[in-house]
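Novice: Here it is, the structure in full.
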Amino acid sequence: MFGRLWQLLSHDIGIDLGTVNTLVLVKGKGIVIREPTVVALHKKTRQVLAIGTEAKRMLGRTPAAIAAVRPLRDGVISDFETTEAMLRYFIHKVHENPGSASWRTLLKIPRPRVVVGIPSGVTEVERRAVQDACLSAGAREAYLIEEPMAAAIGAKLPVEAPEGVMIIDIGGGTAEMAVISLGGMVINKSLRVAGDEMDEEIINYMRTRYGMLIGERTAEEVKIEIGSAYPVGKDNLATVVRGRDLSNGLPKSLKVTDAEIREALTPVVSQIITAIQEILEETPPELLTDIVERGIYLAGGGALLRGLDKRIAEETKLPVYVADDPLTTVVRGCGEVLNNLDLLSKVRVTGGLR
Ligand code: ADP
Ligand code: MG
């Protein structure tokens, strides 16, 4: 009874440190934070001015002295100090009483255990850095789990079984793919081509086809509104895009269709499919048989691109499924690991006590 109470007070947390979104889950409570992975800094002093939603509002709107950065943009931690500041901010935000450290110590309430999902391309030094950041932000224990593993667990795939499962997590900066069996990744690939690159292709398309300049945010909106990887059916989609006419610098708006955006997205979708085919070629035959039966699972925001599942299924001749609520798969996987310490010891994770 007391043990349980202590556990609730100690707020064990799972964090999905994504290239676009950071999600935090508290054991027993569910997802409590969903914020963009953006930090606003003073350029000269490197002082952190804002984090998350507040910092994202500043993207593309900052005066010369301030920079709004995405510290994990390409799936690697380009700026450790900023990442650390962000982790600290999110961990403290969950522990809403920062001044309560003393009574916590007095009552011997344990500090939180933290499980963080990190991109699989992260180096050993960067791992160490994330782990240290968690510990110095007040975690008692910090475990790092690779995102494809967390995504597979979040998608409720049997990762511990002697059976091959395939998961593809398409985020903003990276598309992470893995074949998992017996708690480990047998094959994995981290492609630095995903949602951001789709937005860039839309920007390129509007410039070359219509001589029109649009911003990253507009491109993302267009992608979400009418983007697809497979013809959407007989009710074609269209949207009005606003930008600047490159010939005279004046505001311009025009209508684009799903077919045009599908064409724009082709290079990215093709690269993702090629990478999947390469992984399948490298997969040992027994595991491949399992995947043929079970199918490929998609997670991450990119999995929401219309018809991507259908397109991958057509190209690979395998069944493809989108995980439930793909934007939260990784953080729910981290939560599952917090609930099941046995799993924590089975899946290969780095970290532990300070
Ligand atoms: P990360 O894990 O890298 O932080 P997420 O899994 O949170 O990334 O996914 C963010 C990406 O998903 C962004 O590029 C975003 O534009 C894209 N995305 C979100 N919703 C959709 C949608 N409905 N269609 C296509 N892409 C989407
Ligand atoms: Mg992710």
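The values are calculated or read from the model by the stated rules, or taken from the named source; none is laboratory data. What you see is a predicted model, and the numbers here were worked out from it, not measured in a lab. All Cβ positions, even for glycine, are placed from backbone atoms using ideal geometry, and neighbour counts span all protein chains on display. Each accessible area value is taken on the protein alone, full model and side chains, heavy atoms only, with ligands, DNA and RNA left out. Shrake-Rupley method; radii C 1.70, N 1.55, O 1.52, S 1.80 Å.
Novice: Size of the dipole of the range 167-263 about the Cα centre, Lys and Arg at +1 and Asp and Glu at -1 on the beta carbon, nothing else charged, in debye to 20?
Specialist: Values: 12 positive and 16 negative charges, 57 e Å.
With only Lys, Arg, Asp and Glu charged at Cβ, the dipole is about 280 debye.
Novice: Using square roots of five times the C-alpha gyration tensor eigenvalues, list the equivalent-ellipsoid semi-axes of the chain in whole Å, biggest first.
Specialist: On the way: eigenvalues 248, 161, 49 Å².
Those come to 35, 28, 16 Å.
Novice: Report ³J(HN,Hα) in whole Hz for each residue of the range 266-279, in order, from the Karplus equation J = 6.51 cos²θ - 1.76 cosθ + 1.60 where θ = phi - 60°; Gly and Pro get x.
Specialist: Per residue, the Karplus-derived 3J(HN,Hα) values read 3, x, 5, 4, 4, 5, 5, 5, 4, 4, 5, 4, 4, 4 Hz.
Novice: Please identify, among Val268, Val232, Val69, the residue showing maximal mean-square fluctuation in a Gaussian network model of the chain using a 10 angstrom Cα cutoff.
Specialist: Maximum among the listed residues: Val232.
Novice: Trypsin sites (Lys or Arg not before Pro) within the range 58-90: which are DSSP loop residues with at most 13 other Cβ atoms inside 10 Å?
Specialist: On the way: sites: Arg61, Arg73, Arg88; in loops: Arg61, Arg73.
Those that pass, being in a loop and sparsely packed, are Arg61.
Novice: Would you work out the relative contact order for the chain, in percent, from Cα pairs under 8 angstrom that are 6 or more residues apart?
Specialist: Values: 737 pairs, mean separation 66.1, N = 354.
Computed value for the chain: 19 percent relative contact order.
Novice: Subtract the Cα-Cα distance of Lys317 and Arg46 from 0.36 nm times their separation in residues, and report this length gain in nm to one decimal. Don't skip to the answer; put the middle values down first.
Specialist: Values: separation 271, 0.36 × 271 = 97.56 nm, distance 5.01 nm.
The Lys317-Arg46 span can extend by a further 92.6 nm.
Novice: Nearest-5 percent of antiparallel DSSP beta bridges in the chain? Each step should come with its number before you reach the end.
Specialist: Working: 44 of 62 bridges.
Antiparallel bridges make up about 70 percent of those DSSP assigns within the chain.
Novice: At q = 0.23, 0.27 Å⁻¹, work out log10 I(q)/I(0) for the range 228-307 with the Debye formula, treating every Cα as an identical point scatterer and leaving solvent out; two decimals please.
Specialist: -1.14, -1.24
Novice: Here's something else I'd like to know. Based on Cα coordinates alone, diagonalise the gyration tensor for the range 246-354, multiply each eigenvalue by 5, take square roots, and list the semi-axes in whole Å, largest first. Please report the intermediate quantities before stating the final value.
Specialist: Values: eigenvalues 251, 100, 34 Å².
Taking √(5λ) for each eigenvalue gives 35, 22, 13 Å, largest first.
Novice: Do me a favour and compute the ellipsoid semi-axes for the range 130-232 from its Cα gyration tensor, root of five times each eigenvalue, largest one first, whole Å.
Specialist: Numbers: eigenvalues 238, 82, 22 Å².
They are 35, 20, 11 Å, listed largest first.
Novice: Of Leu327, Ala299, Asn340, which is farthest towards the positive pole of the range 200-354's charge dipole, taken about the Cα centre with +1 and -1 on the beta-carbons of Lys, Arg and Asp, Glu respectively?
Specialist: Sorting the options by dipole projection puts first Leu327.
Novice: Next up: Normalised by the number of residues in the range 220-277, what is the relative contact order in percent for Cα pairs under 8 Å and 6+ residues apart? Don't skip to the end; give the middle numbers.
Specialist: Numbers: 57 pairs, mean separation 20.3, N = 58.
It rounds to 35 percent for the range 220-277.
Novice: Quick check: residue separation of Ser247 and Asp132 times 0.36 nm, minus the Cα distance between them. What number comes out in nm?
Specialist: Working: separation 115, 0.36 × 115 = 41.40 nm, distance 5.12 nm.
Residue separation times 0.36 nm, minus the Cα-Cα distance, leaves 36.3 nm.
Novice: For Met212, what residues show an amide H to amide H distance below 5 Å, using hydrogens built from the backbone and excluding near sequence neighbours?
Specialist: Amide H neighbours of Met212, under 5 Å, 5+ apart: Arg207, Leu246.
Novice: Which trypsin sites (Lys or Arg not before Pro) from the range 227-314 combine a DSSP loop assignment with at most 12 other Cβ atoms within 10 Å? Before the final figure, lay out each step's value.
Specialist: Details: sites: Lys234, Arg242, Arg244, Lys252, Lys255, Arg262, Arg294, Arg306, Lys310, Arg311; in loops: Lys234.
Those that pass, being in a loop and sparsely packed, are Lys234.
Novice: In the P(r) worked out for the range 186-284, what percent of Cα pairs fall beyond 22 Å? Could the numbers behind the result be given before it?
Specialist: Working: 1781 of 4851 pairs.
Counting pairs separated by more than 22 Å, the tail of P(r) holds 37 percent.
Novice: So, one more: If the only charges are +1 at each Lys and Arg Cβ and -1 at each Asp and Glu Cβ, what is the size of the charge dipole of the chain around the Cα centre, to the nearest 20 debye? If you can, show how the numbers build up before the last one.
Specialist: Details: 43 positive and 46 negative charges, 324 e Å.
Here the size comes out at about 1560 debye.
Novice: Further question on the same structure: Averaged per residue, what accessible surface does the chain expose to a 1.4 Å probe, in Å²? Could you put the intermediate results ahead of the total?
Specialist: Values: 16400 Å² over 354 residues.
That works out to 46 Å² for each residue.
Novice: Would you kindly find the accessible area of Tyr210, with a 1.4 Å probe and non-protein molecules such as ligands, DNA and RNA excluded, rounding to the nearest 10 Å²?
Specialist: Surface accessible to solvent at Tyr210 totals approximately 60 Å².
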